[in-house]
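Each remark here refers to the structure printed beneath this line.
The values are calculated or read from the model by the stated rules, or taken from the named source; none is laboratory data. Since this is a predicted model, take the numbers as computed values, not measurements. Don't worry about glycine lacking a Cβ; one is built from the backbone with ideal geometry, like all the others, and counts go over all protein chains shown.
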């Protein structure tokens with residue numbers, strides 16, 4: 001999610017910091033701040049502490065009290081996660097890491113890299129409470145996490161239908177709208193590793209049955225029950241930690257929205273006003289947002305959402321058809337989800353790969369007389385690729 005200074009070196013996603021800390025035992029910085037919403041911030045903080053970083057604070061833009069709206073459902077479907085949550089809370093307390101709900105990093109500052117951040121208390125709609133901003137100095141890394149978006153290229157290339165224009169639609173057996181194609185994990189909905197594993201188990205059993213194998217029904221029923229519980233918990237999670245529209249008020253005209261093409265917030269709005277972009281394609285062509293190397297994976301959804309703040313009508317030059325609902329309501333692009341429609345992934349079947357004959361590599365070796373060969377000191381049958 002863009003905010004002033006998010007393009008500074010040292011500002012990364014929480015997922016990137018987690019991957020470095022867990023996979024490489026490398027902390028993204030020595031003095032780190034986390035900001036965003038959702039429980040994913042807690043394991044990221046834990047991984048950073050284990051990698052030797054000092055976590056200055058965790059700023060949660062939402063409120064954990066939102067879970068109290070459905071306490072029985074949360075206990076029923078998320079009781080297995082309570083010990084994990086308690087462990088993270090205890091670790092933060094042991095390292096004296098402040099946890100600040102209803103707060104967020106609203107700007108990052110620095111020269112060659114991030115050096116400090118502006119933190120503010122937020123209203124329930126995520127607008128900055130007047131007079132609440134303060135500067136946190138001595139920061140060399142900021143980890144930002146406001147949720148996840150699925151990668152849909154493979155499913156779209158296969159022709160699978162979507163639900164809510166955002167997720168691959170599947171039935172109770174993880175079957176998509178395309179016969180013989182099954183989907184599991186985050187393309188069907190963000191719900192964590194346990195839900196993804198349960199969905200994968202159901203999909204595997206269903207795919208085997210589709211090919212004629214006898215399904216293991218007791219195992220399938222147990223996996224389906226875990227899927228149902230995981231999906232209910234995922235819905236609670238999404239309801240408890242939504243991204244509120246007030247984040248748009250954090251931006252300044254010079255805030256970059258498209259980092260690849262260096263399109264600022266002011267240029268995005270001006271381009272939409274002057275040219276009356278009536279869809280994502282027109283918006284790309286008139287402002288160049290989403291035309292860079294990432295092809296809109298980072299900026300396109302944000303750009304579409306930011307235009308909902310422009311009123312429709314001749315005052316802005318936007319077509320009246322951009323109004324969402326009755327005249328006078330906020331405007332928006334009619335096809336904001338087309339940023340996901342990128343046929344850049346080409347599925348290749350194993351049978352196709354097996355049918356392609358292997359071509360011999362060209363021989364670029366020099367004449368035998370000019371080469372120096374050293375025989376290994378062990379039999380040829382025990383040679384490794386490094387001996388060749």
Practice task
Check whether at least one residue in segment 125-133 is in a loop (DSSP other than H, G, I, E, B), over 18 Å from residue 251 (Cα atoms) and touching a residue at least 40 places away in the same chain (Cβ under 8 Å), and report yes or no.
Solution key: no
Exercise for the section: Please specify each residue of segment 134-143 satisfying the condition of being within 17 Å of residue 26 (Cα to Cα) and not in a loop (DSSP other than H, G, I, E, B). Expected result: 141, 142, 143
Practice task
Examine segment 170-178 for a residue that is more than 24 Å from residue 223 (Cβ to Cβ), in a strand (DSSP E or B) and modelled with pLDDT of 95 or more, and state whether such a residue exists.
Solution key: no
Exercise for the section: Answer yes if at least one residue in segment 142-150 is crowded, with 17+ Cβ neighbours inside 10 Å, in contact (Cβ under 8 Å) with a residue 24 or more places away in the chain and out of contact with any strand residue (DSSP E or B) (no Cβ under 8 Å at 6 or more places or on another chain), and no otherwise. Expected result: no
Practice task
Would you check if there is a residue in segment 240-247 being assigned to a helix (DSSP H, G or I) and at pLDDT below 90?
Solution key: yes
Fill in the blank from the handout: Checking 226, 269, 231 in turn, the sole residue that is at pLDDT 85 or above, in a helix (DSSP H, G or I), outside the structural domain of residue 75 (by TED's automatic domain parsing) and under 18 Å from residue 1 (Cβ atoms) turns out to be 269
Handout entry: Hey, residue 67 at positive phi and within 25 Å of the chain's Cα centre (by Cα) or not
Key = no
Problem - Criterion (outside the structural domain of residue 102 (by TED's automatic domain parsing), surrounded by 15 or more Cβ atoms within 10 Å (Cβ to Cβ), at pLDDT 95 or above and under 27 Å from residue 62 (Cβ atoms)) met by exactly one of 183, 198 - result: 198
Exercise for the section: State all residues of segment 81-104 that are surrounded by 15 or more Cβ atoms within 10 Å (Cβ to Cβ) and either outside the structural domain of residue 49 (by TED's automatic domain parsing) or closer than 14 Å to residue 44 by Cβ (or both); if no residue qualifies, say none. Expected result: 88, 91, 92, 97, 99
Practice task
For segment 251-274, enumerate the residues that are without any contact (Cβ under 8 Å) to a residue 12 or more places away in the chain and surrounded by fewer than 18 Cβ atoms within 10 Å (Cβ to Cβ).
Solution key: 262, 270
Handout entry: Of all residues in segment 11-36 being out of contact with any helix residue (DSSP H, G or I) (no Cβ under 9 Å at 6 or more places or on another chain) and crowded, with 20+ Cβ neighbours inside 10 Å, the one that is farthest from residue 81 (Cα to Cα)
Key = 11
Problem - Qualifying residue in segment 154-169 (condition: outside the structural domain of residue 40 (by TED's automatic domain parsing), at pLDDT 95 or above and more than 22 Å from the chain's Cα centre (by Cα)) - result: no
